[in-house]
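The values are calculated or read from the model by the stated rules, or taken from the named source; none is laboratory data. Here the structure is a predicted model, which is why all the values come from computation and not from measurement. We place every Cβ from the backbone using ideal geometry, glycine too, and count neighbours over all the protein chains shown. Side chains included, ligands, DNA and RNA excluded: accessible areas come from the protein's heavy atoms. Shrake-Rupley method; radii C 1.70, N 1.55, O 1.52, S 1.80 Å.
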Amino acid sequence: MHHSEKVIIVEGLTDKRQIEKLITEAVKIICTNGTLGVEKFDDLMDSYDLDNKEVYILVDEDESGWKLRKQLKQELPHAIDIFTSSEYREVANTPRAILAAALATKHIAIDLSFLL
């Protein structure tokens, strides 16, 4: 398995935009727009070759986020969890410094100015 490409799976477009502002490396960010049906999930697997990528899961700390994370982990056991603080619940509401630190701990290159 080669790890030339990293993929972060998020729930929504606001989450994607928030993360895009922080990272400095080429990472594909996929929005699920909520829970995934089998067909939609298979499309994602094929379109992005997720079995052969370094996959990260960064979803909201709420019921729908937990459900999605569980579903993704069943299908992608190699995926790496990134958690935001349950204090902020949603990725989009998490302060950039906290989000940047969470990404950095998983060796995703970020703009270090967000950690200051």
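Tabulated values for the structure
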| read-out | value |
| --- | --- |
| Per-residue [θ]222 nm for the chain (sum of -39500 (n - 2.57) over DSSP H runs n ≥ 4, rounded to 500) | -10500 deg cm²/dmol |
| Kirkwood hydrodynamic radius of the stretch 50-102, Cα pairs, Å | 11.6 Å |
| Loop-located trypsin sites (Lys or Arg not before Pro) in the stretch 1-101 whose Cβ has at most 16 other Cβ within 10 Å (DSSP) | LYS21, ARG89 |
| Surface share of carbon and sulfur [accessible, 1.4 angstrom probe, percent] for the stretch 26-116 | 50 percent |
| Using alpha-carbon coordinates, inclination of helix 63-75 to the longest axis of the chain, degrees | 50 degrees |
| Quarter of the Cα convex hull surface for the chain, i.e. its orientation-mean projected area (nm²) | 6.6 nm² |
| Percent RCO, i.e. relative contact order, over the chain, from Cα pairs under 8 Å lying at least 6 residues apart | 29 percent |
| Cα-centred dipole magnitude for the chain, charges only on beta-carbon of K, R (+1) and D, E (-1), debye, nearest 20 | 300 debye |
| Heavy-atom accessible area ranking, 1.4 Å probe, most first, across SER64, SER86 | SER86, SER64 |
| Estimated inter-spin distance, ALA26 and SER64, nm [label 7 Å along Cα→Cβ] | 3.3 nm |
| FRET efficiency estimate (nearest 0.05) - Cβ-Cβ, ALA104 to ASP43, R0 25 angstrom | 0.20 |
